[in-house]
Structures are given as structure tokens and as C-alpha cells.
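Here's the structure we're looking at; comments come further down.
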Amino acid sequence: MDRFRLATILMVLLLSFQAAVPAVQHESDTTDRLSLGFDKSDPGNLAFIGIIFSTQGEVEIGRIVAEITFPRQLLSFEEARAGLPIKAINAELSAEVRDDDSNPENSVLDVVIASTTGAAIPAGTLANLTFTLLPEAPTQHIIELKNKAEAFTTDDSPEPVELSTTNGEIESLATPALFACFFYMH
């Protein structure tokens, strides 16, 4: 009897997941997307945020310019490392921090990813950003990284392309995140 209940529950979960997937796919079919990832860290330690690009492939993107706004009293930008998709096409990655003219409490990280060979930028994790969560950051707090981006075609006269964005988050923990092996725990 228990196997029957388990099988029934699994079937219901699978069917509900399959019903939800087309709705999500339909929403993302409209434009290419540049999303920021999320991480958890405690004050004084590093947090890692991925820049993830998803594309429908209808238009070839040759340049992406992102402005990532973050609170300067909570985070400090350390470095940007190129991901495999942009390494594969020998694209250039640059990242530079500047003051936010509209809000002195924020900094803006300008990230530019540009194809140097004329190849389209492929989908995937384009770059990995490293931030330090400053010691004075409050614990049990979510820090939002606001993402605004533009994309341009690979043409000789690049045209702007509609690009939707998703913000990133860093959760400031009260205690360091612990990673443990499931099998070790039993």
C-alpha cells in the first residue's frame, strides 16, 4: 500500500511540474535575458554572483553592457572572471566600479562583454563576479544587486536588441554557511 501512495504522489508531482514548465518557457520566449545569480555569505567573507545569459537565438548578440548597482556600505567588488561561453569565442570582459550619481550610498559596476571575432555571444554563465560582504553588513539580511543591461547585434552597424534582466541577491548570514555531505551525516 505504501508503494502505491508513493507512486501516486510522484505522478502528481511530475504532472504538476510538467504543467508549470510550459508557462515559464512561454514567458521567456519573448526576449533574451541577462540574469544575476544569488549567494549566501557572512560578513567579512566573499560572495560569488554569476551573470547568466539566455537567448532565443533569433538575433545574434555581439555586445552586452550591464550596470549592476549595489550598496557600497555593505559590499565591495573584488573581481570579474570570464565564463566558458565567452572564453570559447575569445570575447573581452571588462568590469569597472564607479559612483552612482543618483544615489551616493550606492556604487555601480559596469560590466562589458564584447565579441572581438564577430561571433555571437552564446548562452550560459558569461562571468562570475566576486564581492566581499563587508564586516559592518547586517546579518540575516538580503542585499539586492540591481541589474540594468543593454545588448547589441553582431552587425557592422550594431543595432540595440531588447534584453530583459533579473536582479541578483546576496543573503547575509548570521553564521557561516556549512556544507556537509549527506552520506556523512547518516
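Counted by Cβ distance under 14 Å from Phe38, the other residues give a net charge of -2, where Lys and Arg count +1 and Asp and Glu count -1. Counted residue by residue at 0.36 nm each, then reduced by the alpha carbon distance between them, the extension gain from Glu169 to Ser54 reaches 39.5 nm.
If packing is taken as the mean number of other Cβ atoms within 10 Å per residue, what is the order of 157-166, 119-128, highest first?
119-128, 157-166
Residue by residue, the stretch 100-107 carries 3J(HN,Hα) couplings of 8, 5, 8, 8, x, 7, 10, 10 Hz when phi is fed to the Karplus relation 6.51 cos²θ - 1.76 cosθ + 1.60 (θ = phi - 60°); x denotes Gly or Pro.
Charge dipole of the stretch 30-172 (Cα centre as origin; +1 on each Lys and Arg Cβ, -1 on each Asp and Glu Cβ, all else neutral): 380 debye, rounded to the nearest 20. First check a/c for the stretch 30-172, with a ≥ b ≥ c the square roots of the eigenvalues of its C-alpha gyration tensor; if it is under 1.5, answer rounded, and if not, answer prolate when a/b is larger than b/c or oblate otherwise. It comes out prolate by the Cα gyration axes. Relative protection proxy for 64-75, 90-101, from highest mean packing down: 64-75, 90-101 (other beta-carbon atoms within 10 angstrom). The distance between label points at Gln73 and Thr130 comes to 2.7 nm (points 7 Å beyond Cα on the Cα→Cβ vector).
Any read-out appearing in this document is the output of simple, stated calculations on the displayed coordinates, not a laboratory observation. As the structure is a prediction and not an experimental result, all values here were calculated from the model. Ideal geometry is used to build each Cβ from the backbone, glycine not excepted, and the neighbour counts take in all protein chains shown.
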